1. Quick one: in region 8-38, which of the residues that are under 12 Å from R65 (Cα atoms) and in contact (Cβ under 8 Å) with a residue 40 or more places away in the chain is nearest to the chain's Cα centre (by Cα)?
2. May I ask you to verify whether S28 is modelled with pLDDT of 90 or more, part of a strand (DSSP E or B), open to solvent by less than 70 Å² (accessible area, probe 1.4 Å) and in contact with a strand residue (DSSP E or B) (Cβ under 7 Å, 6 or more places away or on another chain)?
3. Quick check, is R88 more than 28 Å from S15 (Cα to Cα) and at pLDDT 95 or above?
4. For region 73-95, which residues satisfy the criterion of being under 18 Å from the mean Cα position of the chain (by Cα) and open to solvent by 30 Å² or more (accessible area, probe 1.4 Å)?
Amino acid sequence: DIVGNPDLKPETNLSFEAGLEYSQDIWSARAMIFQNELENLIQASCVVNCGGRPGSVPRPEWTYRNINKARIRGVEIGGGVELPWNLRLDANYTFLDPVDRMTGERLPDRSRHAANATLAWTPLENLTTSLRVNYVGSQDYVESIRGVDVRGKRPAYTMVSVYGDYAFNEHTTLQFGVENITDVRLADENGEYAFADEGRRYFLG
């Protein structure tokens, strides 16, 4: 359950970013640095019955609260390349440095490392398939136990998905795929993931 906080203040953000992008022939590359200076950052926080798995009784209770001053900065790099046999590989990596400027501690619920890679294959002119791998690094978390903030760490995880797109004509396209092939169930494996990705699922559209 999520309850409101009448004392919540609006969040403000002053952001800076700079980037470069270059492409030539079959490959491309890009890099960006960014920094956000935030006041009254709005952060979700568990306050009652924390640590229980989703569906447990009594149910955990969450609210939103402000972090007076925070800084989130990082670097993102990525690129892509055309490969033989109608293949294309795209990948990116993000390093994040999120800090509570009042305490000097790392902000919760934000991974320091994240990476994605997509290998696309076009065996036919009107058919494109892709394999996607998504990595999310470990995250700090904070829960309130009897009014005292307790810090912990959620483990890193990786998810793999496959997608397909078949165009019958310019008006009709069939989309299909399997997400989370390995059936990673974060909330079942680790109770600290209160809001977690679903297990393996199929879709057709």
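The values are calculated or read from the model by the stated rules, or taken from the named source; none is laboratory data. Note that the coordinates shown come from a computational prediction; the quantities given were computed from them, not determined experimentally. All Cβ positions, glycine included, derive from the backbone under ideal geometry; neighbour counts span all protein chains shown. To get the accessible areas, we keep the full protein, side chains included, count just its heavy atoms, and leave off ligands, DNA and RNA. Shrake-Rupley method; radii C 1.70, N 1.55, O 1.52, S 1.80 Å.
1. Narrowing region 8-38 to residues under 12 Å from R65 (Cα atoms): 8-11.
Narrowing further to those that are in contact (Cβ under 8 Å) with a residue 40 or more places away in the chain: 8-9, 11.
Values: L8: 25, K9: 25, E11: 21 Å.
Looking at residues that are under 12 Å from R65 (Cα atoms) and in contact (Cβ under 8 Å) with a residue 40 or more places away in the chain, I get E11.
2. Numbers: modelled with pLDDT of 90 or more: yes; part of a strand (DSSP E or B): yes; open to solvent by less than 70 Å² (accessible area, probe 1.4 Å): yes; in contact with a strand residue (DSSP E or B) (Cβ under 7 Å, 6 or more places away or on another chain): yes.
Spelling it out, S28 is indeed modelled with pLDDT of 90 or more, part of a strand (DSSP E or B), open to solvent by less than 70 Å² (accessible area, probe 1.4 Å) and in contact with a strand residue (DSSP E or B) (Cβ under 7 Å, 6 or more places away or on another chain).
3. Numbers: more than 28 Å from S15 (Cα to Cα): yes; at pLDDT 95 or above: yes.
Taking the combined requirement at face value, the residue satisfies it.
4. The first filter runs over region 73-95 and keeps only residues under 18 Å from the mean Cα position of the chain (by Cα), leaving 73-78, 90-95.
Passing the criteria: R73, V75, E76, I77, D90, A91, N92, Y93, T94, F95.
Results for (1) open to solvent by 60 Å² or more (accessible area, probe 1.4 Å); (2) modelled with pLDDT of 95 or more, shown as yes or no for each residue.
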{"position": "R110", "(1), (2)": "no, no"}
{"position": "A115", "(1), (2)": "no, yes"}
{"position": "L119", "(1), (2)": "yes, yes"}
{"position": "N126", "(1), (2)": "no, no"}
{"position": "S130", "(1), (2)": "no, yes"}
{"position": "V136", "(1), (2)": "no, no"}
{"position": "D140", "(1), (2)": "no, no"}
{"position": "V148", "(1), (2)": "yes, no"}
{"position": "G152", "(1), (2)": "no, no"}
